[in-house]
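The values are calculated or read from the model by the stated rules, or taken from the named source; none is laboratory data. Please read all numbers here as calculations on a predicted model, not as lab measurements. Glycine gets a Cβ as well: all are built from the backbone with ideal geometry, and neighbour counts include every protein chain shown. These area figures cover heavy atoms from the full protein model, side chains too; ligands, DNA and RNA do not enter into them. Shrake-Rupley method; radii C 1.70, N 1.55, O 1.52, S 1.80 Å.
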Amino acid sequence: MTSASATETVEAVFRIESARIIAGVARIVRDVGIAEELAQDALVAALERWPESGVPDKPGAWLMATAKHRAIDLVRRKETYARKLAEVGRALEDVAPPPEPTDADDIDDDLLRLIFTACHPVLSTEARVALTLRLLGGLTTEEIARAFLAPEPTVAQRIVRAKRALAKAGVPFEVPGAADRAARLSSVLEVIYLIFNEGYSATAGDDLLRPALCEDALRLARVLAGLMPEEPEVHGLAALLELQASRTAARTGPDGEPVLLADQNRHKWNRMLILRGVESLRRAGHGPYSVQAAIAACHARAVRYEDTDWPAIATLYGRLMALTPSPVVELNRAVAVSMAEGPAAGLTLVDALAVEPALKDYHLLPSVRGDLLERLGRGDEARAEFERAASLTRNGRERAMLLERAARAARSARAPE
């Protein structure tokens, strides 16, 4: 094997296995920052050795064993070795670690601990997202910065500060007990959902979609569902992401321009993801993610846009409002009501949201209002709303679409009756 191909293999294996390696090592050293450094040390060792010795039969196990061996050496060198030994609860005799993990469930437990640690509420939302993508998504700092259109030094600082904050707060590397799990789980789900949403509808930049972020979030949701099969809301999130991701191929045109739901070619919707989403929905509960998944399932079941069960969707949004009241949810409910009862009914609800401070600079409020005004034949007013929406969005593709809709509304207003 050439040096170049060995290097490519090392990097590919590390990308796949890094989360499990960091999780396994963190259980020994009890510090995710140190665990990541030791995992990187194992990567460097592989880059040095594999081009000469060849790629081992089980490269992931080799990296895990090497990282754990270094973790054990580090623990031995510390003055607090005896206390660490008691915490780890195992005899660290002077022998090499096993060539591969012997208990798959044990590794899963480590991965679950890592998810809960990276998403700890002691960190800001931005720090949780960056740290989760770094430790669990295997993304480099450069990749995270590019994905969120943030300066690389800013993202690097977030990750460094997040690790320090966890260490300073003495956050234990563990799955929280039943009393704290619900609150901590909500933080984990929120981070995964935020990552997916940024990939599904990018808030800024020249592309509407960032598929890699969607894939990372979907993978994390699937892992979490496998690790916590008894948690209905975990399955609710998994169902929601599967169903939303099923539409990805139809959401943009040949040149990357956005395609509205009404105009999407539903033959491009991924049936396998829809089936996976529906299956996860059967195991979901009645929480916010589960209700949103039920809404997505209503869209997935409609063979044509005209077949959409809008009254059911409006009802589900009403249920979501009861669970998590927010102006954004109410705006979505207004859209569903407009489809079920007519644009005038929807416009009444949208106009009531005009005074909401949270929606002052939210581009979708004037966008929705413009759509309703256009459907009511009020072209000039619709044009003004679409132009305002275009001025508020930071996404180039979305801005172009909104300006095009503004121009169309203007032409409609000038057309003779």
Rounded if a/c under 1.5, otherwise prolate or oblate - segment 196-300, Cα gyration tensor axes
prolate
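What part of the accessible area of the chain, given as a whole %, is carbon or sulfur when the probe is 1.4 angstrom?
52 percent
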Taking the chain and counting helices only, DSSP H stretches of n ≥ 4 at -39,500 (n - 2.57) each over all residues, the nearest-500 ellipticity at 222 nm comes to -23000 deg cm²/dmol
Using the C-alpha atoms of segment 2-53, what convex hull volume per residue, in cubic angstrom, is computed?
62 Å³
Expected vector for segment 353-359, Karplus 3J(HN,Hα) from phi with 6.51, -1.76, 1.60 and θ = phi - 60°, integer Hz, x for Gly and Pro, equals 8, 4, 8, 6, x, 5, 9
The extension gain from Arg394 to Leu47, computed as 0.36 nm times the residue separation minus the Cα-Cα distance, is 120.8 nm
Cα long-axis angle, helix 32-53 against the chain (0 to 90 degrees, to the nearest 10):
70 degrees
Relative to the longest principal axis of the chain, what angle (0 to 90°, nearest 10) does the C-alpha long axis of helix 59-77 take?
60 degrees
Nearest 10, in degrees from 0 to 90: the angle of helix 178-200 to the longest Cα principal axis of the chain is 60 degrees
Percent RCO, i.e. relative contact order, over segment 155-248, from Cα pairs under 8 Å lying at least 6 residues apart
20 percent
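Report relative contact order for the chain in percent, whole number only (criteria: Cα-Cα under 8 Å, sequence separation at least 6).
Values: 585 pairs, mean separation 42.0, N = 417.
Once normalised by length, the contact order is 10 percent.
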Interchain or sequence-distant (5+) residues whose placed amide H lies within less than 5 Å of the amide H of Thr252 are Val259
Between Arg304 and Arg15, how many nm apart are label points set 7 Å from Cα along the C-beta direction?
4.3 nm
Go through segment 384-398 residue by residue and turn each phi into a ³J(HN,Hα) via Karplus (6.51, -1.76, 1.60, θ = phi - 60°); whole Hz please, and just put x for glycine and proline.
4, 5, 5, 5, 5, 4, 4, 6, 8, 6, 9, 9, x, 5, 5
Diffusion coefficient, µm² s⁻¹, Stokes-Einstein with Kirkwood Rh over alpha-carbon pairs of the chain at 25 °C and 0.890 mPa s:
103 µm²/s
Probe 1.4 Å, protein heavy atoms only - accessible area per residue of the chain in square angstrom:
49 Å²
